[in-house]
Amino acid sequence: MQANEFPARGALSGVRVADFTWLAAGPYGTQLLSFLGAEVIRFESRKRLDSYRRTSDAPGVEGRTRALLFNDVNLGKMSVTVDLATPKGLALALEVIRISDVVADNFSPGVMQRLGLGYERLRRIRPDIIVIASSACGSAGPEARCVGYAPTFSALAGWGHLMGFPDMPPAETGRNTDLRVGAASAFAVLAALHYRQSTGRGQFIDLSAREALTCSIGDLLLESQMTGRAPSRQANRKPGMAPHGVYRCKGEDAWVTIAVESDEEWAALCAATGHPEWRDDARFRDLYVRCRHQDELDRLIGEWTLPRTPAEVTRILQGVGVAAMPCMPNRDLLEDSHLRSRGCFTNVQHPTLGPITVMGAPWKLSDTPVQPPAPSPLVGQHTGWVLADLLGQRPAETARLTETNILY
C-alpha cells in the first residue's frame, strides 16, 4: 500500500484515530470520522474476528471479504492485525496510540484496562489523548458490567416498549439503534477535539448506549411524569397528527405514508382526493375529533390509495402541500434519482469484490467537501504500511514479528 491511498482531505484532515471497536455502534462512529477526513487505523484480531466479518454464508477468507455488515460500517479505514496479548504486540499498539489523537472502543467496561490500554496508561503516553469508550450502560453505575447488544440496550433504554402495535408485544428496533449510538459517539469526539484545540487538554468520554437512546424520548418521559401514565404503543399513529399512517397502494407490497398536522392540510387533502365531504364530516372536521376517529379515517384514506400507485398518491398530495411519500423498498432506494443526484450512494473498488455500491457521507460541507470513501479493508491489509511508514519499523523486524505470530 502507498501512503497516497489515503490522501489528506476533509475537515478532520490530520486527525488520527486508533480504532479498537467492533460490531456496529463503535465502527459506525469511527467511519463518520473517516468520512470527515480522519485517518482511522482499525486494530483487529485473527484469534477473535469481528463478528461482522463472519456474517457471510461463504466460508473462510471469502466469507470475511463478503461480509456485508462489516463492509457497511468500515469504509475508508486501515486494518492492522496485532496480537495484543503479547508484550511486543501491545507495545506496537501503544506506539500507534502515541501518534494518534483519538482512541475508540466499544467493549464492555474493563476490557481495555485488562489489555493494558486503559485511559490512565494512555494519557501518560500522550497527555492530550481523547479516549471514547462506548458500552451498553456506561463505565460506572450499578449496571456498568452488563453485556449488551442493540436489542437489549434499546429495550433497556425504553424504546422497545414504545415500538409496535397496541395489542402486540414490544418490538425490537433493529440495527438502527447501533447506528444512532455511533453517531452520538462521533458527535462527542468532535466536541472533545474542539475542546482540545482550545485548551490543549484531552479527555475520557464515557458513552452509554442506553442513555444515548433514552435521551431521544424525553418528551414521553415528561408525559409519564406529568400524567402518571406510561405512553402506549401506537404503531403508525402519532399524537397531534391525523391522518398519520401507512396505506396500501396498487402494486405488490406497495405502500405510501401520509401525515397531516393542521386543519389547512386536511382541507387540502380532502380537495385533492375528490372527497370535499370529508372536511365537513362531524368525525373529521378538526384535529381533535379526527384523532378520536382514526380507524374510520384510515379506512377511507386506504380505500382512496388502494387503486393508485405510491408515486401517484405522492404526486397528488405533494401537489397541494400535504406530506406524502412512498415507503421505499431497498431495491428502489439504490435507483432513486434524488439520492443519486446528491451522491448518497457511491461506487468503490474493493480489493477482492471489485466495484461495489456503498453509502456515502450523510452531509455536504461547502468548504471541506467529503470525498468518496475508500472501501473497507481486508483483515490486516495495512499492517505493513502502518509499521513501516508510520512507525519506521525495519522489514527484518516486521518479518520476525510475523514469524512469531505477533503480527498475524
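Worth pointing out:
- The sole residue among Arg201, Arg229 that is charged (D, E, K, R) and assigned by TED's automatic domain parsing to the domain that holds Pro109 is Arg201.
Conditions tested, residue by residue: (1) in a loop (DSSP other than H, G, I, E, B); (2) modelled with pLDDT under 90; (3) within 24 Å of Glu44 (Cα to Cα); (4) touching a Gly at 6+ places or on another chain (Cβ under 7 Å).
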| position | (1), (2), (3), (4) |
| --- | --- |
| Gly343 | yes, yes, no, yes |
| Thr346 | no, yes, no, yes |
| Pro369 | yes, yes, no, no |
| Leu378 | yes, no, yes, no |
| Gln381 | yes, no, yes, no |
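A quick yes/no check of all residues on (1) assigned to a helix (DSSP H, G or I); (2) of a type outside the set (Gly, Ala, Ser); (3) closer than 24 Å to Val189 by Cβ:
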| residue | (1), (2), (3) |
| --- | --- |
| Trp22 | no, yes, yes |
| Gln31 | yes, yes, yes |
| Val80 | no, yes, yes |
| Ala85 | no, no, no |
| Leu94 | yes, yes, yes |
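- Residue count for the range 110-128, restricted to those that are among the basic types (Lys, Arg) and either in a loop (DSSP other than H, G, I, E, B) or surrounded by 15 or more Cβ atoms within 10 Å (Cβ to Cβ) (or both): 2
- Test for Val147: is it β-branched (Val, Ile, Thr) and surrounded by 18 or more Cβ atoms within 10 Å (Cβ to Cβ): no
- Tally, over the range 172-200, of residues that are of a type outside the set (Asp, Glu), more than 16 Å from Leu32 (Cβ to Cβ) and without any contact (Cβ under 8 Å) to a residue 24 or more places away in the chain: 5
- Within the range 257-274, the set of residues being of a type in the set (Val, Ile, Thr) and more than 36 Å from the chain's Cα centre (by Cα) comprises Thr273 only.
- Residues of the range 99-109 satisfying the condition of being aliphatic (A, V, I, L, M) and either outside the structural domain of Leu33 (by TED's automatic domain parsing) or not in a loop (DSSP other than H, G, I, E, B) (or both): Val102, Val103, Ala104
- Residue check, Val96 touching a helix residue (DSSP H, G or I) at 6+ places or on another chain (Cβ under 6 Å), crowded, with 16+ Cβ neighbours inside 10 Å, within 11 Å of Phe20 (Cβ to Cβ) and assigned by TED's automatic domain parsing to the domain that holds Ala188: no
- Qualifying positions in the range 36-58 - aromatic (Phe, Trp, Tyr) and at pLDDT below 95: Tyr52
- Checking Trp278, Trp255, Trp266 one by one, the residue that is free of Cβ contacts under 8 Å to residues at least 40 places away in the same chain, surrounded by 13 or more Cβ atoms within 10 Å (Cβ to Cβ), of a type in the set (A, V, I, L, M, F, W, C) and closer than 30 Å to Asp332 by Cα is Trp266 and no other.
- Residue in the range 35-52 that is in contact (Cβ under 8 Å) with a residue 12 or more places away in the chain, of a type in the set (Asp, Glu), part of a loop (DSSP other than H, G, I, E, B) and within 28 Å of Gly10 (Cβ to Cβ) present: yes
The values are calculated or read from the model by the stated rules, or taken from the named source; none is laboratory data. In this text the structure is predicted, and so the values were computed from the model without any measurement. Counting neighbours? That spans all protein chains shown, and the Cβs are built from the backbone with ideal geometry, glycine included.
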